[in-house]
Amino acid sequence: MMELVVVTGGVRSGKSRWAQDEALARGGDDVTVVATAEAVDEEMRDRIEAHRRNRPAGWRTIDAPERAGEAILAAATDTVVLDCVTVLTGMAIGRAGAKSEAAALGAMAAEIDGILEAREARRGGLLIVVTNEVGWSVHPPTALGRWYQDGLGIANQRLAAAADQVVLMVSGLETRLK
C-alpha cells in the first residue's frame, strides 16, 4: 500500500507548492502528477499552464479529469501527486448531471473510492493528495453549491482518516495535523 499524505487548506494557501516540494524531496525527478483540471476556458488553460511551468521539467503528467484512481494505478513512478480533489469532485458532479444530493454525493464518493482503492492496490510508494477546505468560505446560495461543499467535506474526512499524514496550509505556512 502507498503512503498517503493529504495536504489541504484554502485557495492559494500554498498547497500545490508544498506538495511539489515534498514530492521533489522524496521522489526527485521520478514523480508523476495526476492533474485533474480540464481546460474548459482560457482562464483555466492559463491556470493549468502555470501549474505545469512550476513543476520540474522531468516529471510526468497524467491528465485525469475523471477516474483519478486509474491514473494513480497507471503511474510509472513510486511518487505520485494528485492535484487536486477539489476540481476532480466538482467535475464528477458535472458529469453526473446531479439533480439530487444523493447523486452529487455519489459521484464525488466514487472518485474518492477510486483514489483509496488505487492507494491500497499499489505496493509501496508515496501518494500526495491536494484538496481544499471549501467549508471555510462563503456559504453557497444554491443547493448544488451546498451539496458540493458538503460532499468535499465528506471526501476530505475520508481521505484524512485513511492518511498517514495530513498537512494544513494557511497563508503559505504548514501545520501538521496528523
- prompt: Of the residues that make up segment 58-66, is at least one at pLDDT 90 or above, exposed (fewer than 13 other Cβ atoms within 10 Å of the Cβ) and within 21 Å of D29 (Cβ to Cβ)?
  reply: yes
Residues that are without any contact (Cβ under 8 Å) to a residue 24 or more places away in the chain and within 24 Å of R67 (Cα to Cα), drawn from segment 10-41: A39, V40, D41
message: Take the residues in segment 136-161 that are farther than 19 Å from G106 by Cα and not aliphatic (A, V, I, L, M); name whichever of them is surrounded by the most Cβ atoms within 10 Å (Cβ to Cβ).
response: P140
query: Taking segment 81-120 as the search range and keeping residues that are part of a loop (DSSP other than H, G, I, E, B) and not polar (S, T, N, Q), which one is surrounded by the most Cβ atoms within 10 Å (Cβ to Cβ)?
result: C84
Test: residue in segment 158-168 that is under 26 Å from E3 (Cβ atoms) and either assigned to a loop (DSSP other than H, G, I, E, B) or at pLDDT below 95 (or both): yes
- request: Evaluate segment 43-56: report whether one residue or more is modelled with pLDDT of 90 or more and among the acidic types (D, E).
  value: no
- line: Listed by first then second residue, the pairs whose first member lies in segment 127-140 and is in contact (Cβ under 8 Å) with a residue 12 or more places away in the chain, whose partner is surrounded by fewer than 21 Cβ atoms within 10 Å (Cβ to Cβ) and basic (K, R), with beta carbons under 9 Å and at least 6 positions apart or on separate chains, are I128/R26
task: Please list, ordered by first then second residue, the pairs with beta carbon atoms under 6 Å, 6 or more apart or interchain, first in segment 111-126 and under 14 Å from V80 (Cα atoms) and at pLDDT 95 or above, second acidic (D, E) and surrounded by 12 or more Cβ atoms within 10 Å (Cβ to Cβ).
output: G125/D78; L126/E3
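The values are calculated or read from the model by the stated rules, or taken from the named source; none is laboratory data. The structure displayed is predicted, hence computed values, not measured ones. FYI the Cβ positions are ideal-geometry reconstructions off the backbone, even for glycines, and counts take in every protein chain you see.
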